[in-house]
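S.K.: Have a look at this one.
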Amino acid sequence: MTRLSPAGLGLRLAVGVAIALFLALVGLPLVALIVRVAPGELIRRLGDPIVLAALRLSLITSLIATAVVVTLGLPVAYVLATREFRGKRLLEVCLDLPMVLPPTVAGLALLLAFGRAGLLGGALGALGVSVPFTTLAVIIAQAFMAAPFFVAPTRAAFGSVDQRYLDAARTLRASEAHRFARVMLPLAAPSIVAAAAMACARALGEFGATITFAGNLPGRTQTMPLAVYVALEGDLGAAVAMSLLLVVTSVGLLLALRSGGQGFFMSRAPARRR
Amino acid sequence: MLRLDVVRRLGDAFELRAALELARGGTLVLLGESGSGKTTLLRLLAGLLAPDQGRIELDGATWADTASGFGLEPSARSVGYVFQDYALFPHLSVAENVGFGLRAAGVGRGEARRRTAAVLERFGLASLAGRRPAALSGGQQQRAAVARALVLEPALLLLDEPLSALDLATRRQVRGELRDILREHAGVSLYVTHQPMEALVFGERIAVMAGGRIAQVGAADEILRRPRSAYVAEFVGLNLFGGRVVRREPGGLARFRTALGELVVADPVDADDAFVAVSPHAITVSREPPAGSAQNVFAGVVRELVPEPPLGERVRVVLATEPALVAEVTRGAVESLGLAPGVRVYAAFKATGITPYR
């Protein structure tokens, strides 16, 4: 083995320290959550009606929000991946915006769009629909915040389907719809599933936009993150138990995403050449 | 009948300019080095690329015509395309790959299954119907790709280097199968390769492509005897010079100016521009200036010695002239003349027996 120069040694040390600090930053809070709750305590807390209601609401709303994002996002991602048009760049920036927008600002924007005094408020009011502070508002807030986590990787997945397969399909009489259904979608599927899981995890953890736009009504708009926030004021044990529950659910989602194998955050392209 | 006359630019550096006519039932081999425009031509025919100028017509129907701004979608053309590395759909079974065109063309499920089965049987793929492409050998993949392209009985079959992805042993076996398939194909077939050997096996007619142009079209033996491109000349082992007559001399001789220098050759052509092919056998090599009757003598340094297969009894002597002149001598001559790279020699050949052609 060659002897390291002082500079090389210093670099190694710096990298080692950085890794240790990073692991502490990310891992320590998780460990703290886990060691705080006894297993029996966790199971007992699960019987709490408020916890149950929040968990149920969270799962239902985030699954519906994911379904909405997937249904509406697939065509958007496809068009972005296959077409060039004026204003495409601007549209892409707008689609990414919820990723960087402070969630409370997003909630406010949603209120101004769908609220009683908002842009669509009059039209919705005429139909007898009031969106804010309902379960529907929860779903809209989650879908709004989760959408970019689905659209961006799905667009990338469509874009990385090998052009040769699409060319082959074109010479075999396949219309664009046929090519989409039989070639593009199946080849991009692993990445799309991973993107949907990522969007679902984001929806599950959504807090700021929800509390601003949908409020904090137990049973109707109080999702798990909101319930955790409320419990923090009074019952720390309940807060910790619910947090751990959320962590477990999210870890499950991320594991599913990893076994899907070819996600956005993992660098494998879905339709590699042989 | 396929008629095409097209121009297509790719970037600033490349322009394809080609005109061809091809009758049904024939196979034309497009032979050329990579970058000569072969694949571009196939993509234009399939409709995967649009011409900048020109027309493509098949059996009287217009497929593309830039004058009227018309271009038929690839999916509306009766074309089968065998891609260079096959591009079999990796997520579909062999049967689904082969049947893909039928389903896409709207053939009913039962009918498609029946016809797919017949094609799989014909191509010896029936036992592999359920496998994914990744589980096939190279030869089997190649057959699946050809079967997929032929399942709709296209009027135009395009094959882009269909053997290049195969190892040598497989290639020899598959070549025979493929030749039979092409012979049976009732439509027009275009076969692209960069290997002159393959061109001779497959093509009744060969079109040599170079730099985006069709340099020469003709029967295989015509191409062999009278090459018009450096590429083919090198393959068949002829020294080829393009030249212009500068003076005609008594006794039926003509003096040609070529890149190598002036050549004196027998002169049956009346044209001013012509090709001159000199066989390496016709060139004698010596260490001293030759005293004989050869009119053409060039001095040069030996660049390399290449033994000729199979036994190396004959050796190609490549001279570092510009362009390189190649002579062929026996191994004995190499030894007695002391030939080795760097040695200065004289190459001589007679005017008679060298025939210029247009």
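No lab work stands behind these numbers, since they all come straight from the coordinates. Note that the structure is predicted; figures quoted are calculated from it, not measured. Don't worry about glycine lacking a Cβ; one is built from the backbone with ideal geometry, like all the others, and counts go over all protein chains shown.
S.K.: Could you please report the charge total around B:S78, scoring K, R as +1 and D, E as -1 over all other residues with beta-carbon less than 10 angstrom from its beta-carbon?
M.R.: Net local charge, B:S78 excluded: 0.
S.K.: If you don't mind, another one. Under a no-solvent Debye model with one identical scatterer per Cα of the stretch A:47-266, what's log10 I(q)/I(0) at q = 0.12, 0.13, 0.19 Å⁻¹?
M.R.: Evaluating at q = 0.12, 0.13, 0.19 Å⁻¹ gives log10 I(q)/I(0) of -0.71, -0.81, -1.32.
S.K.: Quick one: Karplus J couplings for the stretch A:75-86, per residue in order, coefficients 6.51, -1.76, 1.60, θ = phi - 60°, nearest Hz, x for Gly and Pro?
M.R.: x, 4, 4, 5, 5, 5, 7, 10, 10, 10, 8, 5
S.K.: Another one. If the only charges are +1 at each Lys and Arg Cβ and -1 at each Asp and Glu Cβ, what is the size of the charge dipole of chain B around the Cα centre, to the nearest 20 debye?
M.R.: Roughly 520 debye for chain B.
S.K.: Still on this structure, I have one more. From the residues A:L253, A:A231, A:M184, which one has its Cα farthest along the dipole of the stretch A:47-266 in the positive direction, the dipole being from +1 and -1 charges on Cβ of Lys/Arg and Asp/Glu about the Cα centre?
M.R.: A:M184
S.K.: Within 10 Å, count the other beta carbons around each residue, average over each peptide in B:165-172, A:193-200, and list them highest first.
M.R.: By packing density, highest mean first, the sequence is A:193-200, B:165-172.
S.K.: Of the candidates A:L33, A:L110, A:L80, which one comes out as most mobile in a Gaussian network treatment of chain A with C-alpha springs shorter than 10 Å?
M.R.: Of A:L33, A:L110, A:L80, the Gaussian network model singles out A:L33 as fluctuating most.
S.K.: With only Lys, Arg, Asp and Glu charged, each at its Cβ (+1 for the first two, -1 for the last two), find how big the charge dipole of the protein assembly as shown is about the Cα centre; round to the nearest 20 debye.
M.R.: 940
S.K.: If the elastic network links every pair of Cα atoms under 10 Å, which of B:A291, B:A271, B:A282 fluctuates the most in the Gaussian network model of chain B?
M.R.: Looking only at B:A291, B:A271, B:A282, the largest GNM fluctuation is found for B:A291.
S.K.: Here is a follow-up. What is the P(r) of the protein assembly as shown, as percent of Cα-Cα pairs per 10 Å bin from 0?
M.R.: Per 10 Å bin, starting at 0, the Cα pair percentages come out as 3, 12, 16, 15, 14, 14, 11, 7, 4, 3, 1, 0.
S.K.: Oh, and also: Output the peptides B:31-43, B:318-330 sorted from most to least packed, where packing is the average of other Cβ atoms within 10 Å over each peptide's residues.
M.R.: So the peptides B:31-43, B:318-330, ranked by packing, come out B:31-43, B:318-330.
S.K.: Among rounded, prolate and oblate, which fits chain B when a ≥ b ≥ c are the square roots of the eigenvalues of its C-alpha gyration tensor, a/c under 1.5 means rounded, and a/b larger than b/c means prolate?
M.R.: Judged from the Cα gyration tensor, chain B comes out prolate (a/c at least 1.5, a/b above b/c).
S.K.: In nm, what is the difference between 0.36 nm times the number of residues separating A:S175 and A:A256 and their Cα-Cα distance?
M.R.: 25.8 nm
S.K.: With Cβ to Cβ distances under 11 Å as the rule, what net charge do the other residues near B:R257 carry (K, R +1; D, E -1)?
M.R.: 0
S.K.: Also: Can you give the charge dipole size of the stretch A:47-266 about its Cα centre, rounded to the nearest 20 debye, using +1 on the beta carbon of Lys and Arg and -1 on the beta carbon of Asp and Glu?
M.R.: Charge dipole, the stretch A:47-266, about its Cα centre: 780 debye, nearest 20.
S.K.: What does the average come to when, for each residue of peptide B:144-155, you count the partner chain Cβ atoms lying within 10 Å of its Cβ?
M.R.: Across B:144-155, the average partner-chain Cβ count within 10 Å equals 1.
S.K.: Moving to a separate point now. Quick one: Debye curve from the alpha-carbon atoms of the stretch A:25-116 only, equal weights, vacuum; give me log10 I(q)/I(0) at q = 0.10, 0.22 Å⁻¹ to two decimals.
M.R.: For the requested q values the scattering log ratios are -0.54, -1.19.
S.K.: So, one more: With θ set to phi - 60° and the Karplus curve 6.51 cos²θ - 1.76 cosθ + 1.60, what are the ³J(HN,Hα) couplings of the stretch A:21-27 in order, to the nearest whole Hz, using x for Gly and Pro?
M.R.: Using θ = phi - 60°, the values come out as 5, 5, 4, 5, 4, 7, x Hz.
S.K.: Residue by residue, what Karplus-based ³J(HN,Hα) values in Hz, rounded to whole numbers, does the stretch A:242-256 have, using 6.51, -1.76 and 1.60 with θ = phi - 60° and x for Gly and Pro?
M.R.: 5, 4, 4, 4, 4, 4, 4, 4, 5, 4, x, 4, 5, 5, 4
S.K.: Can you give the relative contact order of the stretch A:47-266 as a percent, counting alpha carbon pairs under 8 Å and 6+ residues apart?
M.R.: 31
S.K.: Shifting gears a bit: Could you identify which residue out of B:A347, B:A13, B:A149 has the top mean-square fluctuation in a GNM of chain B using Cα springs shorter than 10 Å?
M.R.: Highest fluctuation among the options: B:A13.
S.K.: When you count, for each residue, the other Cβ atoms within 10 Å and take the mean per peptide, how do A:133-140, B:119-126 rank with the highest first?
M.R.: A:133-140, B:119-126
S.K.: Something else: Averaged over peptide B:99-106, how many Cβ atoms belonging to another chain are found within 10 Å of each residue's Cβ?
M.R.: 5
S.K.: A further question follows. For chain B, build the charge dipole from Cβ charges (+1 Lys, Arg; -1 Asp, Glu) around the Cα centre, then report which of B:A61, B:H91, B:G300 sits farthest towards its positive end.
M.R.: It is B:H91, whose Cα lies furthest towards the positive end.
S.K.: Determine the principal axes of the Cα atoms in the stretch B:48-123, then give the extent along each, sorted from largest to smallest and rounded to whole angstroms.
M.R.: 43, 27, 20
S.K.: Which value at 222 nm does the protein assembly as shown reach when only helices count, each DSSP H run of 4 or more adding -39,500 (n - 2.57), with the total divided by all residues and rounded to the nearest 500 deg cm²/dmol?
M.R.: Mean residue ellipticity at 222 nm (helix-derived): -15000 deg cm²/dmol.
S.K.: Counting only other chains, what is the mean number of Cβ atoms within 10 angstrom of the Cβ of each residue in peptide A:226-239?
M.R.: Averaged over the peptide's residues, the number is 0.
S.K.: Follow-up. State the answer as a single residue: which of B:A135, B:A13, A:P103 lies farthest towards the positive end of the charge dipole of the protein assembly as shown, with beta carbon charges of +1 for Lys and Arg and -1 for Asp and Glu, about the Cα centre.
M.R.: Projecting each Cα onto the dipole axis, the largest value belongs to A:P103.
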